[in-house]
Amino acid sequence: MLTWWQERVVYQIYPRSFQDTNGDGIGDLQGVIMHLDKLRDLGIGVIWLSPVYPSPNVDYGYDISDYKGIHTDFGTMADMDELLGEAAERDIKIVMDLVINHTSDQHPWFQKSRDKDNPHRDYYIWRPGKGNKPPNNWSGFFGGGTWQYDERSGEYYLHLFAKNQPDLNYHHPQVLEEVKEIMRFWLDKGVAGFRCDVINILYKSSLVDGRRSLILTGNEHYLSQEGTHEILRTLRRAVLDHYDCFTVGETVFVTPKTALDLMAPERQELDMIFSFEHMETDQYIVKWFKRKFQVGRFAASISKWQNALPWNANYLENHDQPRSVSRFGNDGVFWEKSAKLLCMMLLTLRGTPFIYQGQEIGMTNFDFTSMDDLQDVESHNIYAIAKGLRFPARLRWRIIKATSRDNARTPMQWDTTPYGGFSPVQPWLGVNDNYKRINMEAQLGDAHSIRNMYKTMIALRAASPVLKAGSFETLQIAKDCFAYRRSLEGESMVVLLNFSTQEKRMEFAGGTLVLSNYDRQAYDGKLRPYEAVILKEF
Ligand code: TEU
Ligand code: CA
């Protein structure tokens, strides 16, 4: 028996870029309400809302200054209540983003904490420097160091992300009490759970120097520590178990083993986790150094995780990742076929599928032309660091262009009107120039569109116990091909994927064609370029 969060398909909304309804160039909650019918029609059962809380927007909402409010950019709490009501009427649940590793430096807790004698002092991690050097040698997620000196307190505070995102101190019991209260506040309003931001780095076991590492010096002191496991079990017992809800953790640098410790049902911690490994198969060491996409590596990683965890949170995109069709598919000649192939893969893997806004119409990477077109703090930090390291300008640019998180954050392309129908005015971030060709309106009106492939696949999964609950078995991982089988109680389906621009022979005995992204009646042993087929075995 599956739970509702295993049955349903999740759609991630990055509200800032979804739909502007009041003409300020910024997406808002009324904009989400406006499109609920479309999401219902698509077959979506859960919406994950990226942060909508008050925030100075250094990291666009991931730096929160009030956990129980709504950013005026997005509307009011009344809008939020309206959204919950309207979604419920369409049997859509809402999941909030829970960002509790750090707050904004503008959060009142942090402002109070700057005073050494304030009871809030220990909500954050303050330490004196070593001479005129920071307390340790750790390196941060956005590049650079992790300690910021504060004149007023005469000490440094720890920040694993931007310097305006001070890390909370989970050695102080009051912090967890605050978190419980925040969670109850939203659950009592009727939200159906949380996507938990960088949840496996909450607890810092020690603050001593880290082993020098190209990735993140210091991570052995905070990655998936026992203290974090304990926090997760406490939150489960004290809060989550009292509601009908689920959690999905964004867990960084997990292996199958450390992931299982965070999500295996008997551990009573998280329900699901997002792993990163398949998203790292097109890079060397860090995401900024891209290497050629190879299906073999990608499929091997997906297979490994399908087999390792009892249940996966499957995704190909989110607000931190470049667009999947530009990255794992082909955003040129085979744009449509490859976007459909990725859709067919995502919806036939074992686990809960997560679709990111715009993925369902095959939105592509941002065609920005200069650093001025970018808003993301991470992109600007990394560009500056690369400049400091004397990377040639062309290389710096190539790195940012291929990897910037803004690739995924350009406004939704709704129709062919100016700014893609996202807003009547110049939006906060540029609209991709291809909006006249790639937009929702055109695809809603075309039975063979990418968007309608998503709808078909969501319905196919919903109607198929094999696709929802069946086991996963790898059949083939080759240079350009990936094939697997899903089976349940004597029934099975086979999925064959050709990730290349060439025709590929893939023998398969005994089955009837359920679906192909090409118009065809039967499978003849040959996959056309970027063809995906689903077969029901005899
Ligand atoms: O992301 C954490 C994370 O590790 C990365 O995916 C991050 O985007 C970065 O690119 C690492 O190089 C989460 C959120 O999803 C992200 O948007 C936030 O910026 C970050 O946490 C801090 O809250
Ligand atoms: Ca707006």
Item to check | Mean accessible surface per residue for the chain, computed with a 1.4 Å probe while every protein chain stays in place, in Å² | outcome: 38
Item to check | Total charge dipole magnitude, the chain, about the Cα centre, Cβ charges on Lys, Arg, Asp, Glu only, Debye to nearest 20 | outcome: 2020
Checklist entry - How would you classify region 290-389 from its alpha-carbon gyration tensor, with a ≥ b ≥ c the square roots of the eigenvalues: rounded for a/c under 1.5, else prolate if a/b is greater than b/c, otherwise oblate? => result prolate
Item to check | Apportionment of accessible area to carbon and sulfur, the chain, percent (1.4 Å) | outcome: 51
Checklist entry - What list of whole percents do you get for P(r) of the chain, with Cα-Cα distances grouped in 20 Å bins up to the one holding the largest distance? => result 21, 57, 21, 1
Next on the checklist: Given the DSSP H assignment, sum -39500 (n - 2.57) over each helix run of at least 4 residues in the chain and divide by its residue total; what's the result at 222 nm in deg cm²/dmol, nearest 500?
Outcome noted: -8000 deg cm²/dmol
Checklist entry - Dividing the convex hull volume of the alpha carbon atoms of region 362-488 by its residue count, what do you get in Å³ per residue? => result 177
Checklist entry - Hey, can you rank 373-386, 313-326 by average C-beta count inside 10 Å, highest first? => result 313-326, 373-386
Next on the checklist: Given Cβ point charges of +1 (Lys, Arg) and -1 (Asp, Glu) and nothing else, what value in debye, to the nearest 20, does the dipole of region 56-108 about its Cα centre take?
Outcome noted: 140
Next on the checklist: Are there any trypsin sites (Lys or Arg not before Pro) in region 491-538 that are in a DSSP loop and have at most 15 other Cβ atoms within 10 Å? List them by number.
Outcome noted: Arg520
Next on the checklist: Tell me the net charge near Trp414. Cut-off is 14 Å between Cβ atoms, Trp414 excluded, with +1 for each Lys or Arg and -1 for each Asp or Glu.
Outcome noted: -1
Next on the checklist: Checking the table Lys116/Lys163; Lys287/Lys468; Lys204/Lys290; Lys68/Lys112; Lys292/Lys436; Lys180/Lys257 against a 21 Å threshold on Cα-Cα, which pairs fail?
Outcome noted: Lys287/Lys468; Lys204/Lys290; Lys292/Lys436; Lys180/Lys257
Checklist entry - Once the dipole of the chain is set up with Lys and Arg at +1 and Asp and Glu at -1 on Cβ about the Cα centre, which of Tyr14, Ser55, Val333 lies farthest towards its positive end? => result Val333
Checklist outcome for this item: Using alpha carbon centers only, region 323-354 is separated from region 7-59 by a whole-angstrom value of 22
Checklist entry - Under a plain spin-label model, where a point goes 7 Å from the Cα along Cα-to-Cβ, how far apart in nm are Ala238 and Asp66? => result 2.5
Next on the checklist: Taking just the alpha carbons, could you work out the radius of gyration and Dmax for region 424-474, both in angstroms?
Outcome noted: 17.0, 50
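The values are calculated or read from the model by the stated rules, or taken from the named source; none is laboratory data. Since the model is a prediction, treat every value here as computed from it, not as a measurement. Positions of Cβ are generated from backbone atoms using ideal geometry, with glycine treated the same way; all protein chains shown enter the neighbour counts. Side chains are part of the model used for accessible areas, which takes the heavy atoms of the whole protein and leaves out ligands, DNA and RNA. Shrake-Rupley method; radii C 1.70, N 1.55, O 1.52, S 1.80 Å.
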